[in-house]
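First comes the structure, then the notes that go with it.
The values are calculated or read from the model by the stated rules, or taken from the named source; none is laboratory data. Since we're looking at a predicted model, the values are computed, not measured. With ideal geometry, Cβ positions are generated from the backbone for all residues, glycine too; neighbour counts draw on all protein chains shown. Side chains included, ligands, DNA and RNA excluded: accessible areas come from the protein's heavy atoms. Shrake-Rupley method; radii C 1.70, N 1.55, O 1.52, S 1.80 Å.
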Amino acid sequence: MRKLVCITALIFAGSANAGLLTLEYSNVLDNQLADPRFNFNPQGLGYDTGSNELLFMQQSSNTIYRTDLLGNITGSRTIGSIQYRPDGSTTSTSNYTTSVAGDGTNYYFTDYTNNSAGYDLYSLGVTSGSASALSSEVAAYGGYPIDVRDGLLYRTETTSNYSWGSLNEIRVSAISSVDSILNTVILDTTFGIGDIAIDSVRNEVWTLDYLSSASLRKFDLNTGGLLESFDLGLDGLTAGLTYANDTLYYYDWNSGAGSTLSAYSMSSVNVPEPSSIALLGIGIAGMSLIRRKKAN
């Protein structure tokens, strides 16, 4: 892995309670993370909360790759055979895996190889065992983004075509009972969702627009309200997003070679409210007037 960018960049959001994203690095990834075989968009990037590792899932590799937080490959887990239909049928290939997450015990991934004839969501032991359906959901088309935090599964609504451009919903359920939805939140976005990243401490969700030139957006997980937007011009179609340790990780997949991992650290910055800025201007003007009167 080679470091592509070593200069830190500062990106501000345009809001009164603005946050700050700092580009810490952008590293070129191993060519194993640029699998060229029949890959479509999007690609999956997740975080294993148990091992503090990133998880990469390309659509046709049939493999979950583990890396450290710099993108260096530390291991892999082949998906192997999975039960993909309600009638018990199995397959040894999953050609359309779209999202991945982990909790130290299991990996979780979505797959739409068989559309409405096959299950959408699976679990796989980190070290052993075969993948098995985690949900009874069998919707068609392009899968959906997922994340797993603190025993909860976060996922969007199912897709109605081969695009994630209309996704705007987050469903929350317990891993132990994923088909019992605990909460559903409609996000204030019209840009679709290329991937999600959950910040469970702040109860927020980050999204990557499903666009060729995408922004990162942060939403309140209670209300769905938009908190901040960062117009970074990222590729949101063949990409993935995840969150760990106050850092957002962005995976830009390129077929054959050139895939990169970028890390954006997060912090808060206090920005005066517009009314405060106006009062500050009035105060400065007043001070200037007083000085002029004294000069006369």
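Figures for the structure shown
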quantity: Output for the range 166-195, where each listed residue is surrounded by fewer than 18 Cβ atoms within 10 Å (Cβ to Cβ) and of a type in the set (Asp, Glu); calculated: Glu169, Asp179, Asp188
quantity: Lone qualifier among Tyr122, Tyr84 - being over 21 Å from the mean Cα position of the chain (by Cα) and either of a type in the set (Phe, Trp, Tyr) or open to solvent by less than 20 Å² (accessible area, probe 1.4 Å) (or both); calculated: Tyr84
quantity: Lone unmet requirement of (1) in contact with a Pro (Cβ under 9 Å, 6 or more places away or on another chain); (2) modelled with pLDDT of 95 or more for Ser255; calculated: (2)
quantity: Scan of the range 113-172 for residues that are of a type in the set (Asp, Glu) and free of Cβ contacts under 8 Å to residues at least 40 places away in the same chain, ordered by number; calculated: Asp120, Glu157, Glu169
quantity: Lone unmet requirement of (1) without any contact (Cβ under 8 Å) to a residue 40 or more places away in the chain; (2) open to solvent by less than 60 Å² (accessible area, probe 1.4 Å) for Gly256; calculated: (1)
